[in-house]
Amino acid sequence: MLLCVISGATVFGQEPATEKPADTPQPDVILVVGAAGEAEYGEVFAQWAQRWRDVASAAGANVTMIGIGDSAAEGDGPGSTADLEKLKQTIAGLPTQSRQSIWLVMMGHGTSSQSGSKFNLRGLDLSADQLATWLKPIDRSIVIVNAFSSSAPFLNALSGPNRVVVTATQSGQEQNYSRFGEYLSRAIGDEASDIDHDGEVSILEAYLAASAAVRDFYRSENRLQTETALIDDNGDSLGTKATAFRGVRSVGKAASADQSLDGDRAATVTLAPPAVRIPLTTDESIDRDEIEAELRQLHARQSSMTAQEYRDAVLPKWIRLAKIYRAAEKRSEAASPDSEANDAP
């Protein structure tokens, strides 16, 4: 996240807060487990989903599970539309405008052919074009995790403004079972993934940690790597490999001088528990997001500016950002049960 001014304290592993902080937006999380194919994969995918559910629940999110936890007969069968229809109705039932983010995490197997790419559900499969159509009316921040083989074409179909799209592969031809989903489900709730040490694991940090774990697996097994993940958050439909990042900053080149690099937005999106987050009000969150967007645009244009021009443009925005976080921290300190004890003589 853009928290170079003020960083929160790390509170991983604590019990989730029993009450949600007032005026704090809560995300909607949809977890979709695809067709297992074989029983062993079904058990693995269920474990991935449970890890995501644990993290989402700790974050106070509204969680919907699809493809698991219901009767197999409801979704099985080559012509069944149960899981596909449930996903469609779940997306249709979300508010189209909200300060809350949407996380759609799909775990399982995928296929790709000349007729298009699909995520394998129990019954009829989900195509990239179908999902793009269902999400089109929604004007909200959306994170779409495609943790399945042959998932790269979903990036092309789903990339857009205010979206973070993660795929387990860099092409539709990477058709072997993908391990990326395993490592991503572990990374999203692991404090070791917190690269910038701000107390929260962003989707970018989880992506980088999972990608590194995939590379380590294939190296340790002395096997040819058959999957390479991508992340896209600047809407150019290209995606960026984890190896193009140094820390949480991409060292690649954007498609145009006015476009930010992939990773800037993803670094700000998190499923941290409420107790970890700095308690920003809705207005403060809006201001923070606008300032960070302006900073990303300035960073993208930095090469065309003199050092003094860049400093003059950036400094006022950092000061505004610092004031927002400081005001939130003061409220948090005043509300802390320890504040009176700390002030006692």
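Values in this text are rule-based calculations from the coordinates and carry no lab data. If you're wondering where the values come from, they're calculated on a predicted model, not measured in any experiment. Positions of Cβ are generated from backbone atoms using ideal geometry, with glycine treated the same way; all protein chains shown enter the neighbour counts.
Could you calculate the FRET efficiency of Glu43 with Lys136 from 1/(1 + (r/R0)^6), where r is the beta carbon distance between them and R0 is 30 Å, rounded to 0.05?
For Glu43 and Lys136, the calculated efficiency is 0.30.
Provide Val164, Val29, Val44 in ascending order of the number of other Cβ atoms located within 10 Å of each residue's Cβ, fewest first.
So the residues, fewest neighbours to most, are Val44, Val29, Val164.
For region 28-276, rounded, prolate or oblate, judged on the Cα gyration tensor with a ≥ b ≥ c (square roots of eigenvalues), a/c < 1.5 rounded, else prolate if a/b > b/c?
Rounded is the answer for region 28-276, as its axis ratio a/c remains below 1.5.
Output ³J(HN,Hα) for region 181-198: one whole-Hz value per residue in order, computed from phi by the Karplus curve 6.51 cos²θ - 1.76 cosθ + 1.60 with θ = phi - 60°, and x for Gly and Pro.
Taking θ as phi minus 60°, the curve returns x, 4, 6, 5, 5, 7, 5, 5, x, 10, 4, 5, 7, 6, 5, 8, 6, 9 Hz for region 181-198.
Treat the count of other C-beta atoms within 10 Å as a stand-in for reagent exposure and order Asp125, Asp83 from fewest to most.
Going from least to most buried by this count: Asp125, Asp83.
Using a Förster distance of 45 angstrom, determine the FRET efficiency expected from the C-beta separation of Arg99 and Leu224, and round it to 0.05.
So the FRET efficiency works out to roughly 0.50.
Would you mind computing, in nm to one decimal, how far apart the modelled labels at Asp129 and Ser285 are, each placed 7 Å from Cα along Cα→Cβ?
With each label placed 7 Å out from Cα toward Cβ, I get 3.6 nm.
If I model a spin label as a point 7 Å beyond the Cα along the Cα-Cβ vector, how far apart are those points for Ala322 and Phe217 in nm?
So the two model labels end up 4.4 nm from each other.
Which length gain, in nm to one decimal place, applies between Leu298 and Lys88 when the Cα-Cα distance is subtracted from 0.36 nm times their residue separation?
Here the segment from Leu298 to Lys88 would lengthen by 71.8 nm.
For region 28-276, what is the number of Lys pairs with C-alpha distance below 20 angstrom, counting only pairs 8 or more positions apart or on separate chains?
6
Sticking with the crude label model, points 7 Å out along Cα→Cβ, report the distance from Met305 to Ala335 in nm, one decimal please.
3.4 nm
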